[in-house]
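*Asks:* Before I ask anything, here is the structure I am working with.
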Amino acid sequence: MASKLSVLLLSLAVASVTVLAQKRRPASTKTDEWNYKDGSERVSMRGVANLTQVLDNWRFDILTQMRGLLQNDHQSLLPDYARIQPLAEALDDLYKEFNALKAHLGDLTEKFSAIETFIDEVKAGRATSANAAPAAGPALAAVPRQNTRRVMRKKTTTSTASATS
């Protein structure tokens, strides 16, 4: 009986100590949030400024190195596109299409250069004819005839008998 009583008293003592310890410990309901005001009066602004300067220098150095690598040695940063077969094929197709468009643009430029010279000659001819006949007056100046285009329309065959029935 004495051993049962001592075990009971021991367990009661442990329980009371645990309860008292829980009461003394402040209950924090927001354990995930950082209290930024805690200790703010002990912060050295000089140290914060130095830390900010160090971090700014690191950022500048990192960005400068990344820019230099991207401009000079981009193969070390970017993946090897030749190993990615669909992407490599798509880039190859895009490159071929770009070169075809560039060649087609060159052909169009050659074709339009002849038209541009013709237009320039016509403008120059109009300017010289307008300068040569100012005494004759504007009513006597020859107006160049524009070529008229004929519109060819296909005759539509409509059946009046089938339309009315």
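*Asks:* List every residue pair whose Cβ atoms sit under 7 Å apart, with the two residues 6 or more apart in sequence or on different chains, where the first one lies in the range 81-103 and is at pLDDT below 90 and the second, anywhere, is not aliphatic (A, V, I, L, M).
*Replies:* If the second residue must be not aliphatic (A, V, I, L, M), the pairs left are Leu87/Tyr81; Ala88/Tyr81; Leu91/Tyr81.
*Asks:* Would you mention how many residues in the range 79-116 are outside any helix (DSSP H, G or I) and surrounded by 10 or more Cβ atoms within 10 Å (Cβ to Cβ)?
*Replies:* Final tally of qualifying residues: 1.
The values are calculated or read from the model by the stated rules, or taken from the named source; none is laboratory data. Model, not experiment: these values are computed from the prediction. We place every Cβ from the backbone using ideal geometry, glycine too, and count neighbours over all the protein chains shown.
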